[in-house]
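Read the structure below first, then the notes.
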Amino acid sequence: MSLHEVFRDCAAQRRAALIGYLPAGFPTVPDSVELFRAMVRGDGDTAGCDVVEIGLPYSDPVMDGPTIQTASGEALRNGFRVRQLFDIVSTVAETGAAPVVMTYWNPVHHYGPDAFARDLAAAGGLGVITPDLVPDEADEWLAAARQHRLDRIFLVAPSSTERRLAMTAGAGSGFLYAASVMGVTGARDSVSGSARELVRRTRAHTELPVGVGLGVRTAEHAAEVAQFADGVIVGSAFVERARQDGAAGVAEFAADLGRGVRRNSTSIP
Amino acid sequence: MTARDSDTARRAATPGEATPDGHDPDPGGHFGSYGGRFMPEALIAAQDELADEYEKARNDPEFVAELERLLRDYAGRPSPLTEAERFGAHAGGARVFLKREDLNHTGSHKINNVLGQALLVKRMGKRRVIAETGAGQHGVATATACALLDLDCVVYMGATDTERQALNVARMRLLGAEVRPVDTGSATLKDAINEALRDWVANVADTHYLLGTAAGAHPFPLMVRNLHRIIGEESREQVLRHTGGLPDAVVACVGGGSNAIGIFHGFIDDPGVRLVGMEAGGHGLDSGEHGAALTSGTPGTLHGARSYLLQDEDGQIAEAYSISAGLDYPGVGPEHAWLADTGRAEYRAVTDDEAMHAFRLLSRTEGIIPAIESAHALAGALRLGAELGPEAVLVVNLSGRGDKDMDTAAQYFGLVPEAGITGEDQR
Ligand SMILES: Cc1ncc(COP(=O)(O)O)c(C=O)c1O
């Protein structure tokens, strides 16, 4: 299934897609595989994530707050290597969820953009989210991703100008990642009001689905965001839950969030 | 272009002024395949605003005059060029000239960049300044400019460095800045930059990130270089006055590369002048413990730009090491990567021990205690002088003074046997 189809199916159910993030190899590679499976499984009642964002742990994660920084650092200290990413992607693909990779640019640059795209596509990955690669610098990546049929998921931010929103939407595919607040990743107590405005502005430029991330931490937030976005992205809160309650807690939390994105599904006209 | 032509061309130049010299990056900030903007989208608007505002400012006679005035009346420019005869005797008998950035207010070249950017902050109507610092020199310079211009100032500094440079922490606090120790990652300069970037993303509306070196995303490498070009412009005039000719080589230490790019640009159109950058060789390149991105790194992206950097097989950024906090950085500014590839400049590494030898030698032969960063350039001059012989004329950028390094030096040379003045005791 492609990302396009995932969002189309969710739209047919009149709900937003649930997109969950965890770092690969956190706390170890086998543990992280269990966590990713749990994230998709949910509970007996409600399925979990439609899309799984597999984070590539990086030494210098400037867009991440303390929660994800610490988790990525732990994965690296436990010996995570980039080549292990592709096996993890395969196991996520086997669950039936849509795997995408979230990575800072240097590890891909170093691996070779074309080789990275080739190996990711072969493992069943559908696309890459690039928090520090803007389309202006992405010629090589765009070519590699097109060649290997991967989606190119760029970020838009409240500070993006209309010109940049249009340009970024034009270069992206799969979906657009709307960073709801000006800031780094991390669970917040409320969903920023700027998220709705950013989604509205972004939609004026594109038919692509828009996912909202940064700060979503409860089923309440998820339900709220699901009313105006096509995807609800949850990261730091999954990391915190994994730390506290392991795979069982992650499965339960994913089901909660799943109920959140479905809550208003029938009330949308 | 003959030496004389380019001399007159450059004489018209004033600090920070737009003098397109054929060495500017493309509009996206690329020096060849280096530079650019590998940044979160959230910061691109601020980078664009900065680039626009800087373009306007450097063409605005009022801004240029105000910066000139501050550099002269506040920072003490021009800095002298001092001939170091007794030191030169140890450098194969070459004539060695020291560009005395150590005599600037706050004790290093960093003030040139800081005054320029702080004036720009005022122009942009922002109130809050954040900065990173390694040795503390850039932090002190930033805190100084913020005190002068009434701006709020927060300085991020690796926890390792707040220990190594405890006195500079005290200085910054005295000047009214808030110093935030950073204990993530390797707890040195690169992590301080990461933390400053995280702050910037969250507060960009009212905050300027006053980057301290010629690295980072466009327009920083261009802007910081132009603000330091005055070092090279003055040096060229001064050495011509002293010797009637151009030097054989210009030598500078390279951390992020700001003092080096500043002095190099005074001579970049003089093909006969070798431009030599000295990187931190730490415990030796083979030891893996060093900060020599150009000499032994590979291309990659860090802190917003593509350049050479120290990284492992997976593209994870490696921890740098140097006895000098200001050179303890795994990356380098993108223009240096370009100059290295084109061959216009050459880069070498000197070890801690070579630098400390030069540190003591300059102290004893000239009565000038250099910053340990600058001692790397002096060690380079000792080598170049030995290679080139007594006919050679060398200009060395003495980027800073060594007061901040007395603790390190005392330990290194065992100058205080009772270890009475250690970092531990000062806190
Ligand atoms: C005296 C001195 N020289 C050199 C440097 C290195 O920086 P750069 O390579 O940007 O000149 C520093 C940095 O802190 C410094 O304090």
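What the table below lists for this structure:
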read-out	value
Members of segment B:72-107 found to be assigned to a helix (DSSP H, G or I) and either away from the ligand (no atom under 16 Å from the Cβ) or open to solvent by 50 Å² or more (accessible area, probe 1.4 Å) (or both), listed by number	B:Arg72, B:Asp73, B:Tyr74, B:Glu85, B:Arg86, B:Phe87, B:Gly88, B:Leu103, B:His105
Residues satisfying the stated conditions in segment A:177-220, i.e. part of a helix (DSSP H, G or I) and either touching a strand residue (DSSP E or B) at 6+ places or on another chain (Cβ under 8 Å) or within 14 Å of chain B (Cβ to nearest Cβ) (or both)	A:Ser194, A:Ala195, A:Leu198, A:Val199, A:Arg201, A:Thr202, A:Arg203
Residue among B:Glu354, B:Glu346, B:Glu387, B:Glu391 that is surrounded by fewer than 24 Cβ atoms within 10 Å (Cβ to Cβ), within 27 Å of B:Ile193 (Cα to Cα) and away from the ligand (no atom under 13 Å from the Cβ)	B:Glu346
Matching option when the condition is part of a helix (DSSP H, G or I), among the hydrophobic types (A, V, I, L, M, F, W, C), within 22 Å of B:Phe220 (Cα to Cα) and within 14 Å of chain A (Cβ to nearest Cβ), among B:Ala46, B:Ala118	B:Ala46
Residue list for segment A:56-68, filter: without any contact (Cβ under 8 Å) to a residue 60 or more places away in the chain and under 17 Å from A:Ala179 (Cβ atoms)	A:Pro61
Residue check, A:Ser160 part of a loop (DSSP other than H, G, I, E, B) and either within 13 Å of chain B (Cβ to nearest Cβ) or not hydroxyl-bearing (Ser, Thr, Tyr) (or both)	yes
Any hit, segment B:249-265, residues being more than 22 Å from B:Glu68 (Cα to Cα), more than 16 Å from the ligand (Cβ to nearest atom) and open to solvent by 10 Å² or more (accessible area, probe 1.4 Å)	no
Conditions (1) within 14 Å of chain A (Cβ to nearest Cβ); (2) charged (D, E, K, R); (3) more than 16 Å from the ligand (Cβ to nearest atom); number of the one not met by B:Lys190	(3)
Residue that is nearest to the other protein chains (Cβ to nearest Cβ) [pool: residues in segment B:57-71 that are part of a helix (DSSP H, G or I) and free of Cβ contacts under 8 Å to residues at least 40 places away in the same chain]	B:Glu62
Any hit, segment B:312-325, residues being open to solvent by 10 Å² or more (accessible area, probe 1.4 Å), assigned by TED's automatic domain parsing to the domain that holds B:Ala371, in contact with a Phe, Trp or Tyr (Cβ under 8 Å, 6 or more places away or on another chain) and within 14 Å of the ligand (Cβ to nearest atom)	yes
Selected residue [more than 22 Å from A:Gln147 (Cβ to Cβ) and open to solvent by less than 10 Å² (accessible area, probe 1.4 Å)] from A:Gly96, A:Gly55	A:Gly55
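Matching residues to (1) out of contact with any Pro (no Cβ under 7 Å at 6 or more places or on another chain); (2) within 24 Å of B:Ala192 (Cβ to Cβ):
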residue: B:Val239; (1), (2): no, no
residue: B:Asp248; (1), (2): yes, no
residue: B:Val251; (1), (2): yes, no
residue: B:Ala293; (1), (2): no, yes
residue: B:Ser296; (1), (2): yes, yes
residue: B:Tyr308; (1), (2): no, yes
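The values are calculated or read from the model by the stated rules, or taken from the named source; none is laboratory data. Remember, it's a predicted structure, so these values are computed and weren't measured experimentally. Backbone-built Cβ (ideal geometry, glycine too); neighbour counts: all protein chains shown. Protein only, heavy atoms only, side chains kept; ligands, DNA and RNA dropped before computing areas. Shrake-Rupley method; radii C 1.70, N 1.55, O 1.52, S 1.80 Å.
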